[in-house]
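Report on one structure; see the data block that follows.
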Amino acid sequence: MPSDSATVLLAGNDPDLLLLRSAVLAAAGIWSLRVRNAEQAIQVLGLVPFDLVVICYTLDEEDQDMLISAVESWHASVKLLRLAAGDDCSGTGLLRKVEEALQSPAPVPHTILEPSHSHSRMLR
């Protein structure tokens, strides 16, 4: 993996959706890793330096909150993108959101950034 490639952690409950997202990102040269719950995500965050964590609406609210808290507490330089249902109706839509999140300014604790006028939210 080239050192200038972005690394994205995809967290969600739907393996087919995660695979599709991963393929879209790979086609754009963005490396990603897929996990199915917050505990797996938190474990992997301790091992791999990610640029962005994408949190899918398919994770239950408790898992979403646990993952957001962990990133804010222990991985302050990692950006967060929370996807809502319908956000990735097209591969280009997902890719645009991820690229906007990756290009956004460095995270500032306890703020919310809106990268686009869609349902997804850039946290921190």
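The values are calculated or read from the model by the stated rules, or taken from the named source; none is laboratory data. Keep in mind it's a predicted model, so treat the numbers as computed, not measured. Every residue, glycine as well, gets a Cβ built from its backbone with ideal geometry; the counts of neighbours run over all protein chains shown.
Here are the numbers:
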{"item": "Subset of the stretch 73-105 [of a type in the set (D, E, K, R) and modelled with pLDDT under 90]", "result": "Asp87, Asp88"}
{"item": "Hits in the stretch 14-46 - residues which are in a loop (DSSP other than H, G, I, E, B) and either crowded, with 20+ Cβ neighbours inside 10 Å or of a type in the set (Gly, Ala, Ser) (or both)", "result": "Ala28, Gly29, Gly46"}
{"item": "Tally, over the stretch 50-78, of residues that are of a type in the set (D, E, K, R), more than 13 Å from the chain's Cα centre (by Cα) and part of a loop (DSSP other than H, G, I, E, B)", "result": "1"}
